[in-house]
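Down below is the structure, laid out as structure tokens.
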Amino acid sequence: MSTHLPNTNNIFIRLNQSPFRRKFHLQNKDLEYIADKGNNIIRQHAENFIRLRLAPAFIANDGKQTPMRGHPVFIAQHATATCCRSCLLKWHKIEKERELTLEEQTYIVNIIMKWINNQKS
């Protein structure tokens, strides 16, 4: 099933209007970690986190599966409202209670990586 995904530019405009989403920023230790690992490894981490923690149809701890700190991708997920299926529904119009398609997972990872790269500037 193919889902109509939001335009990435529009989603960042909307996210920037949210005081909660705007409060997330990468700290120096996060930026150092990204510089040390490189974008390709960080993207792989994001792909794994999304596949394991967000893509399944049913998540027992939905809304609590993404820590607020500990990895730059986790912070990016909260900043981009890709942290749980409820936020995916509210912000990205991606339905709950079904497995995420590969297209949706790629969209989410791209949003996360765009936010991370914007933080590095």
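The values are calculated or read from the model by the stated rules, or taken from the named source; none is laboratory data. Bear in mind that the values here come from a model prediction, so they are computed numbers and not experimental data. Neighbour counts run over all protein chains shown; Cβ positions are idealised from the backbone, glycine included.
Contact list please: Cβ distance under 7 Å, first residue in the range 67-89 and under 18 Å from Tyr107 (Cβ atoms), second residue surrounded by fewer than 24 Cβ atoms within 10 Å (Cβ to Cβ) and of a type in the set (Gly, Ala, Ser), pairs at least six apart or on different chains.
Cys84/Gly63; Ser86/Gly63; Cys87/Ala81
I need a count of the residues in the range 84-121 that are hydroxyl-bearing (Ser, Thr, Tyr), modelled with pLDDT of 95 or more and not in a helix (DSSP H, G or I).
So the count comes out to 1.
Just need a number here: residues in the range 20-71 that are among the hydroxyl-bearing types (Ser, Thr, Tyr) and closer than 17 Å to Cys83 by Cα.
The total comes to 1.
Mind listing whichever residues of the range 62-73 are surrounded by 20 or more Cβ atoms within 10 Å (Cβ to Cβ) and either at pLDDT below 95 or part of a loop (DSSP other than H, G, I, E, B) (or both)?
Thr66, the sole residue that qualifies.
Kindly indicate which of Phe12, Phe24, Phe49, Phe20 is out of contact with any Asp or Glu (no Cβ under 8 Å at 6 or more places or on another chain), of a type in the set (Phe, Trp, Tyr), more than 20 Å from Ser121 (Cβ to Cβ) and surrounded by 14 or more Cβ atoms within 10 Å (Cβ to Cβ).
Phe49
Checking the conditions here, which among Ala76, Ala81, Ala55 is modelled with pLDDT of 95 or more, in contact with a Cys (Cβ under 8 Å, 6 or more places away or on another chain) and either surrounded by fewer than 13 Cβ atoms within 10 Å (Cβ to Cβ) or of a type in the set (A, V, I, L, M) (or both)?
Of the residues listed, the single one that is modelled with pLDDT of 95 or more, in contact with a Cys (Cβ under 8 Å, 6 or more places away or on another chain) and either surrounded by fewer than 13 Cβ atoms within 10 Å (Cβ to Cβ) or of a type in the set (A, V, I, L, M) (or both) is Ala81.
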